[in-house]
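Coordinate-derived values only; no laboratory data. The shown structure was predicted, so the numbers you read here are calculated from the model rather than taken from an experiment. Note: ideal-geometry Cβ built from the backbone for every residue, glycine included; neighbour counts use all protein chains shown.
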Amino acid sequence: MSRSPKINASGIAVALTLLASCNQIAPPVVIEPPANVVPAPPENLDAYAKAFLNGIQPVSIAESREYCGFFVRTRDGKVQGTPPRAGTPDSCIAGFVPQNAIASYHTHGGYLPNYFNEIPSVDDALSAIDVALDDYVSTPGGRLWRVDGNTGNAEMLCGRSCLVDDPLYRTSPRNQRLDSLTLNELRALQS
């Protein structure tokens, strides 16, 4: 059984026409942050990111699209995730970086056999460097990665099925060496 994105071309054309005629931009689709994940001290960011991303994995996998946002420092000094914004099966635009952002996050959606999405992409690494924020990435296989916002290097924080995973996920030989990857190694794997 495989999953493929559902695209209704006539619906897209109608929606674009309506938006153009109203001279408005459609608001981003957002979902509620996980209700059971409470703000945490900044020194617990990795654990908070794991709980937060695990909370949005089911929706991301079911819809087979990425969700993204930021981890921000609250007025009382804790870490909290912004509401997840919906993307496509292979990209997501989180919007403007909040002034109080301390990291970004995104999911990699559901398992799609033609995508190599069990590791952060080169674009993920370059985006982290561009905004100078670490980026937390969850995968369909239930892995959690942190991409360094200074170097673009990626470190796996927890392995297969440590987060909610896609029941359709299938292990690939390309996914065997997964623990840490430099930006150059990411480039080599994805070329």
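Per-structure values
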item: Stokes-Einstein translational diffusion, the range 34-84 - Kirkwood Rh over all Cα pairs, 1.567 mPa s, 4 °C, in µm²/s; result: 114
item: Phi to ³J(HN,Hα) by Karplus 6.51 cos²θ - 1.76 cosθ + 1.60 over the range 42-56, Hz, x for Gly, Pro; result: x, 5, 9, 4, 4, 5, 4, 4, 4, 5, 5, 5, 4, x, 9
item: Cα-centred dipole magnitude for the range 45-191, charges only on beta-carbon of K, R (+1) and D, E (-1), debye, nearest 20; result: 220
item: Simple spin-label estimate for C158 and A132 in nanometres, 7 Å along Cα-Cβ; result: 3.1
item: Rh (Kirkwood; distinct C-alpha pairs) - the range 134-191, Å; result: 11.9
item: Percent of alpha-carbon pairs separated by more than 20 Å within the range 61-142; result: 31
item: 3J(HN,Hα) from dihedral phi, the range 95-111, Karplus parametrisation 6.51/-1.76/1.60, rounded to Hz, x for glycine, proline; result: x, 5, 6, x, 4, 9, 5, 10, 6, 10, 8, 6, 9, 10, x, x, 5
item: Square roots of 5 times each gyration tensor eigenvalue, C-alpha, the range 70-111, largest first, Å; result: 23, 10, 7
item: Sorted peptide list for 114-126, 92-104, 134-146, criterion being average Cβ within 10 angstrom, highest first; result: 134-146, 114-126, 92-104
item: Separation in nanometres of the label points that stand 7 Å from Cα toward Cβ, at D76 and N44; result: 1.2
